[in-house]
Structures are given as C-alpha cells and as structure tokens.
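Each remark here refers to the structure printed beneath this line.
Each reported figure results from applying straightforward, stated rules to the coordinates on display, with no laboratory input. Values in this document were obtained by computation on a predicted structure and should not be read as measured data. Reconstructed Cβ throughout: ideal geometry from the backbone, glycine too, with neighbour counts over all protein chains shown.
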Amino acid sequence: MFIRLLILFTLVPIGELALLITIGRHIGVWPTIGIVLVTGVAGSILLKWQGFETWRRFKSELSSGSFPGSTIIEGVAILIGGAFLLTPGVVTDFAGLLLLIPTSRAILIKIIKVYLKKRFDLDEFIEIADREDRPPKNETLDPTMRVD
C-alpha cells in the first residue's frame with residue numbers, strides 16, 4: 001500500500017509537470033496556461049451541475065423509501081472527479097472530466113461495479129467455509145434471529 005501511495009503522490013505529479021512542460025514547449029506558455037484554465041472552469045461548472053443533480057436524486061430516492069446505492073457511487077465518482085480537477089495537470093484534468101461527464105461516468109461506474117462484484121462476491125466467501133457450515137443457497141436468513 002505504501003508503494004502505491006508513493007507512486008500516486010510523487011510520480012503522478014512529476015509526470016504531470018513533465019507533460020505540462022512538454023506541452024508548453026510545443027504550443028507555448030500562454031496556450032498551455034489557457035488549457036489548464038479552460039479545463040478548470042469547465043470542470044468546476046460540471047462539478048457544480050452534476051453534484052447538485054446527484055444530491056437532488058439522492059434526496060428523492062431516500063424520500064421515496066428506496067436505497068440510493070447507485071446514486072451514492074455516482075456521488076463518490078463526482079467527488080473523485082472534483083479532486084482530480086484540483087490537481088494541476090492535463091492527465092488528471094482529463095480523468096476528472098471523464099468522471100464528471102454523465103455518459104463516461106456511467107461507463108466507468110459499470111466497469112467498477114463488475115470489478116467489485118468479482119472482487120467481493122459472496123459465493124467466493126462461502127466456498128471457503130466447510131460444507132456443513134454453509135447455509136442452504138435458497139434459505140432466507142432472519143437478521144433478528146440471535147445465534148449463541
């Protein structure tokens with residue numbers, strides 16, 4: 001975990017800085033600053049719009065009595081997208097914008113859900129248990145029942 005965080009907080013900013021310098025050499029300093037400013041402004045507008053929309057949907061689903069699981073995941077994706085936009089750089093701005101645009105965010109969330117389902121599948125945990133300890137597959141469990 002330490003290595004991943006080290007890469008995230010050192011190599012990514014160094015790579016972003018190198019990319020900004022390279023872009024600045026090819027198109028000039030002011031156009032490069034313009035790109036950073038435009039992505040920042042566009043990102044902040046998208047962040048506000050998508051954040052309010054997701055918050056409205058979250059409240060609506062709660063008031064109707066349904067669990068807003070997908071909306072929570074969307075909210076987290078929007079939050080991460082906003083954090084990417086706060087990080088200076090072209091690649092992180094692009095990743096942030098991908099998380100703020102509804103169509104690309106839906107595709108990324110679908111990919112993440114498939115990954116999480118494979119990673120945390122209940123059948124995988126049940127297979128580890130001994131055969132006599134496994135509950136029958138179609139048995140409905142009572143959460144109020146206490147087992148001593």
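Each Cα pair under 8 Å and six or more residues apart adds its separation to the average, and for the stretch 1-103 the resulting relative contact order is 32 percent.
Full extension of the segment from ILE3 to VAL38, taken as 0.36 nm per residue of separation minus the current Cα-Cα distance, would add 9.3 nm. Projecting label points 7 angstrom from Cα along Cα→Cβ for LEU62 and ILE21 puts them 4.7 nm apart.
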